[in-house]
Each structure stands twice: as C-alpha cells, then as structure tokens.
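Heads up, the thing below is written out as structure tokens.
None of the figures in this text is laboratory data; all of them are computed from the coordinates on show. Bear in mind the structure is a predicted one, so any value in this text is a computation, not a measurement. A quick note on method: Cβ atoms are made from the backbone with ideal geometry, for glycine too, and the neighbour counts reach across all protein chains shown.
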Amino acid sequence: MSPSTTIGPIDIRPAQPDHIELIGDLTVAAYHAGGHLTPGSPYESVLRDVRPRLDRTFIADRAGDLVGAISVFEHGHPMSELATEGEWEIRFLAVSPDCWGSGVARALMAAAENRAEAGGAGSMVLYVIDRNDRARAFYPRLGYVRRPERDWSPLGADAAPVNLLAFTKALPTRP
C-alpha cells in the first residue's frame with residue numbers, strides 16, 4: 001500500500017488490523033442504507049470478513065472517524081472476480097451514509113486507482129448491482145464505461161439472481 005494521502009479534511013490511508021470491525025460494520029451499514037443488502041443476508045458475513053482483504057484496503061478518516069473503505073485487487077488475487085490480465089478490480093466500496101456526496105468515495109477511488117497504477121495496471125474494473133442507481137451515475141463521472149458484455153448474474157443468498165453490471169476505466173500508461 002502507498003503512504004497516507006490527505007484530501008481536504010479526508011485522510012486516506014491503508015487499513016490496519018484495528019480497523020477490521022469498523023470496516024465490516026461500516027460496509028454492512030452502507031450496503032443496507034443504499035438498499036443493496038437485505039437484513040440478515042448471508043452476504044453480510046462476506047462484507048464483515050475484512051481480514052482476507054485488509055492488506056488491499058484503504059480507509060477514509062475524517063476528524064478521527066472512519067467514514068469509508070475500499071479494496072483493490074490485482075488480476076489473479078483470490079478476491080478478484082472480474083479482473084483479467086492487466087486489470088485491477090475495485091470491490092467493497094462503502095461510505096458512511098451521512099457522508100454521501102461529500103467526496104469520500106471520490107477520494108477512495110483515487111487512492112485505489114493510484115495503487116493499481118503503481119502496481120502496473122492498465123485498467124480498472126468493477127461491478128455495480130443493478131439497483132444501485134447512485135453508483136451507476138457516479139462511476140461514469142470518474143471515467144468508467146459500462147461493459148454489458150461482462151455483466152454477471154450469480155445467484156444471491158436467497159437463490160435469486162443478482163444482476164451485476166460491469167464498468168471499466170483505462171489508466172494512464174506509465175513510462
């Protein structure tokens with residue numbers, strides 16, 4: 001992970017072991033508030049299980065409060081679901097609902113993209129659940145392009161399909 005980055009009043013830095021429970025709670029709360037997770041869903045355990053992704057996670061801190069988190073994985077990492085050769089994947093972006101629209105997600109995305117670029121990625125890829133209208137509008141503003149040919153519909157915890165929409169973004173080429 002790269003060193004801390006301060007963007008306005010938001011401090012973006014690598015997650016530490018003492019953040020695990022906070023990241024899990026924040027992620028579950030944000031997914032619930034956005035309507036992307038039903039209470040009691042078995043996927044909550046995945047969102048709370050931060051240990052396997054801790055070394056690939058950044059947090060956003062505002063005045064001593066954890067207000068966001070994001071994970072980024074290179075192609076071939078066990079937690080990467082979509083990335084192909086040369087791509088890195090964004091997963092588990094979560095922002096405290098009281099900070100939505102304040103720049104936290106943008107700062108986290110920048111940190112993840114910078115990490116991927118430093119790791120040699122040529123592009124970024126991510127999934128958005130189809131009912132997440134905020135994210136579907138947000139990512140194109142950051143330069144992400146819909147890739148319907150890469151959409152995926154796994155079975156959800158209740159055995160109903162979950163429609164995941166794919167987005168990609170080319171990263172600047174390093175000399």
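Of the DSSP beta bridges with both residues in the chain, give the percent that are antiparallel, rounding to the nearest 5.
Details: 31 of 35 bridges.
Bridges in the chain are about 90 percent antiparallel.
What ranking do ASP55, ASP61 get, fewest neighbouring Cβ atoms within 10 angstrom at the top? Working shown, then result.
On the way: ASP55 10, ASP61 18.
Taking fewest neighbouring Cβ atoms as first place, the list is ASP55, ASP61.
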- For the chain, modelled as a Gaussian network with Cα springs under 10 Å, which listed residue fluctuates most, ALA137, ALA107, ALA94? ALA137
- GNM top mover of THR57, THR27, THR38 - the chain, alpha-carbon springs below 10 Å: THR38
- Note on the structure: Asserting the computed 222 nm helical MRE of the chain (DSSP H runs at least 4 long, -39500 (n - 2.57) per run, divided by residue count, to nearest 500) equals -7500 deg cm²/dmol
- Note on the structure: The residues PHE58, PHE73, sorted from fewest to most surrounding Cβ atoms within 10 Å, come out as PHE73, PHE58
